[in-house]
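J.: One structure coming up, written as structure tokens, with questions to follow.
The values are calculated or read from the model by the stated rules, or taken from the named source; none is laboratory data. As the structure is a computational prediction, the values presented were derived from the model and not from experiment. FYI the Cβ positions are ideal-geometry reconstructions off the backbone, even for glycines, and counts take in every protein chain you see. Accessible surface is based on the protein model in full, side chains and every heavy atom, while ligands, DNA and RNA are left aside. Shrake-Rupley method; radii C 1.70, N 1.55, O 1.52, S 1.80 Å.
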Amino acid sequence: MNDTHKHEMGGMAPPPTMPHHKMMMHMTFFWGKNALVLFKGWPGTSTGMYALALVFVFAMGILVEWLSHSRLIKPGTGNVAAGIIQTFMHTIRVGLANLVMLALMSFNVGVFLAAVAGHSLGFLLFGSRVFHKSAPPPKTNDLPPMSC
């Protein structure tokens with residue numbers, strides 16, 4: 001390396017070159033089972049593992065909605081205990097919601113549809129009035145709605 005190049009870089013040596021991986025990251029939506037969802041090498045090229053990844057994302061969407069609309073704190077629970085339970089539930093809900101968001105960053109249409117279907121079914125089961133015998137009284141959920 002010559003002195004002119006060192007001077008342009010502030011006297012520092014250039015960074016070492018990194019080995020290139022052959023996995024291509026998509027930056028637009030695409031169809032196909034060869035996606036990278038959440039973990040390196042998962043689901044790989046196996047159709048069965050891709051289906052498992054879709055079921056996993058679907059289930060996480062349902063769990064996020066269940067936590068958003070559940071009432072796990074019994075009336076009469078002390079403020080400290082209720083606050084600890086709420087904090088734990090909020091932490092789990094935000095963690096799962098962020099995992100769903102990270103899975104969507106695979107830009108795979110199947111993963112996107114699984115996430116939307118999971119959230120939709122979860123809301124239908126736990127947040128809508130479909131499965132209530134009568135109009136429910138106004139309730140206070142244990143957790144506030146997810147904010148953007």
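J.: Report whether or not residue 122 is in a helix (DSSP H, G or I), under 26 Å from residue 27 (Cα atoms) and of a type in the set (Gly, Ala, Ser).
T.: Taking the combined requirement at face value, the residue does not satisfy it.
J.: Read through the list (1) farther than 30 Å from residue 47 by Cβ; (2) aromatic (Phe, Trp, Tyr); (3) in contact with a His (Cβ under 6 Å, 6 or more places away or on another chain), then give the number of the only condition that residue 88 fails.
T.: For residue 88, the failing item is (3).
J.: Taking only segment 27-45 into account, find how many residues are open to solvent by less than 50 Å² (accessible area, probe 1.4 Å), over 18 Å from residue 97 (Cα atoms) and part of a loop (DSSP other than H, G, I, E, B).
T.: The number of residues fulfilling the criteria is 2.
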